[in-house]
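Let me begin by presenting the structure, written as structure tokens, before commenting on it.
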Amino acid sequence: MPTALSILELSKSYETKTKDRMDAIGSITFDVNEGEFVSVVGPSGCGKTTLLKIIAGLLEPSKGAISFFGVSQNNAMKNIGIVFQSPLLMPWRNALENVLLPIELLHKDKTKYLERAHDLIKLVGLAGFEEAFPQELSGGMQHRVAIARALMHDPDILLMDEPLAALDEITREQMEIDLLRVWEDTKKTILLVTHNIAEAVLMSNKVVILSSRPAIVKKELYINLHGKRGLETRGDQTYVAYCQEVRHSLAL
Amino acid sequence: MNGSIFPTIRRYGPSVVVFVIFVIVWQILVEAFKIPVYLVPPPSTILNKILDPSMNWPTQAMTTTYESLMGFGIAIVVGIGTAILIVWSKGFSTIVYPFVITMQIVPKIAFVPLLFIWFGFNYTPRIFTVFLVCYFPIVVSTVAGFSSTEPSMIDLIRSFTSSKLDLLTKALLPSALPSIFAGLKVSVTLAVIGALVAEFVSSTQGLGFVILASQSELNAPVAFAAAALLIVIGFLLYLSIELLERLIVPWKNVVVLGK
Ligand SMILES: Nc1ncnc2c1ncn2[C@@H]1O[C@H](COP(=O)(O)OP(=O)(O)OP(=O)(O)O)[C@@H](O)[C@H]1O
Ligand SMILES: [Mg+2]
């Protein structure tokens, strides 16, 4: 499988108002293969959001390089979908219009994408809520809209920044299963940032474990759960063992 | 999505009742204490004045309304335009902002007589006066509204495009609308005052002119009638802005602590 995203010795320090510099990312190196679901776990404040912003081109790294399918970030056709920590829907747009936002921003013909927008809304389980405004949707439903929006322009890579962190346990577990289904249906390359160990292990082919700030990669753990992932997986012995291993690496 | 006029009526219903009571008490007190008409006329006399066709009220009121609306409209366009310039680039902002602030702190009213000398004794200086008093609140509220855009919303848009225009129209302007409307509400009430002040300085018609003329004749009922019409105009303008806000910004949070 080709490498979809490659991160090489990436580091980032912020200029702050009080101190002169603040090292957020020490040095991070890892690859994401095409079609893979990779999770990055790390303690709060270790630089996970910073990492995603750099990958998305919203922040300049201090050092290091990023390439998409072997092409360096600056020259690559940026084709990324992002799901942020909060759903970030526009309250003045209904669900359908929110999902269509990427198409407008990329100046494509909206009428050609209406069908795809409806399909995506169905895919995330919101059929019938196309006309609903964000204020009329629950937190979980808003996150579903945000996921559909991130897939709208058919990105090569989907970046997710703790998209489920704000949800309650019940909704969260349901969303994890749904997200897995979306992944299987779309075969997207997904990079998920989370501090939920169970979630990372359940969803991913590979878990990248980061240290606390300034973040370095402590370990890359490949997950092999043999067969379908779903609700029952949580009771699975290998699954529990993987979770233990991640927990252990984080604590080291 | 409450765009109809009925909530507005229901909201102001109690205030209208209070107002009617106030007018009745006023009438009774003026009669009971035999207060001379040239000091405080009773509401009945004022009402008679308002209904007097020889006063030409519609023309006078239209003049003042026209000046207020024109000045206000120009202030909206120029004010929001200035705010866009201010957020557009750091360079613009450092150049433009000092001028905007200076324009606000110079005693504008003191310059009104000059405006007539510069622009002639016509509508222009009066509309310009209205513009001057309306401009600043609109600039400030629009810039504040732009700054209230969620930073991650800006990130979201920037992850697709680097176009500033898209950023402005898709995120900044819609986010700023509630704040812009707050500024418009302040401005629209100032607009009427601006028109009045300009008419005091020089005019041959308009409610400000009527008030000034009534003063030289010690004609309090006329002055009160003109003031009453000014209040009505101000109120109507304010209500139109509120109605417009309900139509354009239906997602606005309304915070009320208690029932
Ligand atoms: N704009 C900024 N300027 C200065 N420092 C920043 C800035 N943004 C983040 N930081 C710092 O960089 C570090 C990493 O922040 P980041 O948001 O990437 O953490 P995170 O891993 O996403 O945390 P969480 O899991 O809580 O979301 C933090 O310690 C934070 O204080
Ligand atoms: Mg974060």
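The values are calculated or read from the model by the stated rules, or taken from the named source; none is laboratory data. Keep in mind it's a predicted model, so treat the numbers as computed, not measured. Positions of Cβ are backbone-derived with ideal geometry, glycine not excepted, and every protein chain shown enters the neighbour counts. Keep in mind that these areas ignore ligands, DNA and RNA; they rest on the heavy atoms of the full protein, side chains included. Shrake-Rupley method; radii C 1.70, N 1.55, O 1.52, S 1.80 Å.
Kyte-Doolittle mean at least -0.5 and Cα extent at least 15 Å along the axis: which DSSP H helices of chain A qualify? Numbers along the way, then the final one.
Details: long enough: A:110-123 (19 Å, -0.76); A:139-151 (19 Å, 0.25); A:169-186 (25 Å, -0.73); A:237-251 (21 Å, -0.27).
Length and hydropathy pass: A:139-151, A:237-251.
For the stretch B:31-88 and the stretch A:95-163, compute the distance between their C-alpha centroids and round to whole Å.
Using only Cα atoms to place each centre, the spacing works out to 49 Å.
Averaged over its residues, how many other protein chain Cβ atoms are within 10 Å of peptide A:48-56's Cβ atoms? Each step should come with its number before you reach the end.
On the way: counts 0, 2, 0, 0, 1, 4, 0, 0, 5.
Shielding by partners across A:48-56 averages 1.
Just the number, please: buried accessible area between B and A, total of both chains, 1.4 angstrom probe, nearest 100 square angstrom.
On the way: alone 14880 and 12280 Å², together 25300 Å².
For chain B against chain A, roughly 1900 Å² becomes buried.
Using only the alpha-carbon atoms, what does the protein assembly as shown span along each of its principal axes? Please give whole angstrom values in decreasing order.
Principal-axis extents of the Cα atoms in the protein assembly as shown, largest first: 98, 46, 46 Å.
Using the per-residue mean of other Cβ atoms lying within 10 Å as a proxy for protection, in what order, highest first, do the peptides B:204-213, B:58-67, A:104-113 fall?
Values: B:204-213: 20.3, B:58-67: 18.7, A:104-113: 13.2.
Ranked from most to least packed, the peptides come out as B:204-213, B:58-67, A:104-113.
Please report the relative contact order for chain B, taking Cα pairs under 8 Å with a sequence separation of at least 6, and give it as a percent rounded to a whole number.
On the way: 282 pairs, mean separation 72.9, N = 259.
After rounding, I find 28 percent.
Explain nothing, just the number: dipole magnitude of chain A about its Cα centre with +1 on each Lys and Arg Cβ and -1 on each Asp and Glu Cβ, in debye rounded to the nearest 20.
Values: 28 positive and 32 negative charges, 120 e Å.
For chain A, the charge dipole is close to 580 debye.
With charges only on Cβ, +1 for K and R and -1 for D and E, what is the dipole size of the stretch B:41-248 about its Cα centre, in debye, rounded to 20? Don't jump to the answer; show the numbers that get you there.
Details: 9 positive and 9 negative charges, 76 e Å.
The dipole magnitude comes to about 360 debye.
Over 31 Å between Cα atoms: which of A:Lys188/B:Lys90; A:Lys187/A:Lys219; A:Lys53/A:Lys110; A:Lys63/A:Lys108; A:Lys12/B:Lys90; A:Lys188/B:Lys252 fall into that group? Intermediate values should be presented prior to the final figure.
Details: A:Lys188/B:Lys90 39 Å; A:Lys187/A:Lys219 25 Å; A:Lys53/A:Lys110 27 Å; A:Lys63/A:Lys108 35 Å; A:Lys12/B:Lys90 25 Å; A:Lys188/B:Lys252 37 Å.
Going by Cα-Cα distance, A:Lys188/B:Lys90; A:Lys63/A:Lys108; A:Lys188/B:Lys252 fall outside the 31 Å limit.
Rank by packing, highest mean first: peptides A:119-131, B:178-190, with packing defined as the count of other Cβ atoms within 10 Å averaged across residues. Before the final figure, lay out each step's value.
Working: A:119-131: 16.6, B:178-190: 21.7.
Per-residue Cβ counts within 10 Å, averaged per peptide and sorted highest first, yield B:178-190, A:119-131.
Rank B:Gly194, B:Gly91, B:Gly71 by mean-square fluctuation in a GNM of chain B with C-alpha springs under 10 angstrom and give only the top-ranked residue.
Most flexible of the set in this elastic network: B:Gly91.
What is the average number of partner chain Cβ atoms found within 10 Å of a Cβ in A:84-93? Mind showing how you got there, number by number?
Numbers: counts 6, 1, 3, 0, 6, 2, 9, 7, 10, 3.
Per residue, the number of nearby Cβ atoms from other chains is 5 on average.
Quick one: among B:Ser152, B:Ser44, B:Ser203, which has the greatest mean-square fluctuation in a GNM of chain B with alpha-carbon springs under 10 angstrom?
B:Ser152
On a straight-distance basis, which aspartates and glutamates could pair with A:Lys112 in a cross-link, Cα separation under 13 angstrom, same-chain partners fewer than 8 positions away excluded?
Candidates past the 8-residue exclusion: A:Glu104.
Going from most exposed to least, what order do A:Tyr222, B:Tyr123, B:Tyr135 have by accessible area with a 1.4 Å probe? Don't skip to the end; give the middle numbers.
On the way: A:Tyr222 130, B:Tyr123 80, B:Tyr135 15 Å².
Largest accessible area first, the residues go A:Tyr222, B:Tyr123, B:Tyr135.
Roughly speaking, to the nearest percent, how much of the protein assembly as shown's 1.4 Å accessible area is carbon and sulfur?
On the way: 16330 of 25300 Å².
The nonpolar share, carbon plus sulfur, comes to 65 percent.
Give a residue-ordered list of calculated ³J(HN,Hα) values for the stretch B:145-150 (Karplus: 6.51 cos²θ - 1.76 cosθ + 1.60, θ = phi - 60°; whole Hz; x for Gly, Pro).
x, 4, 5, 7, 4, 4
Peptide B:157-167: average number of partner chain Cβ atoms within 10 Å per residue?
Numbers: counts 5, 5, 14, 15, 6, 2, 2, 0, 0, 4, 1.
Mean number of neighbouring Cβ atoms from other chains: 5.
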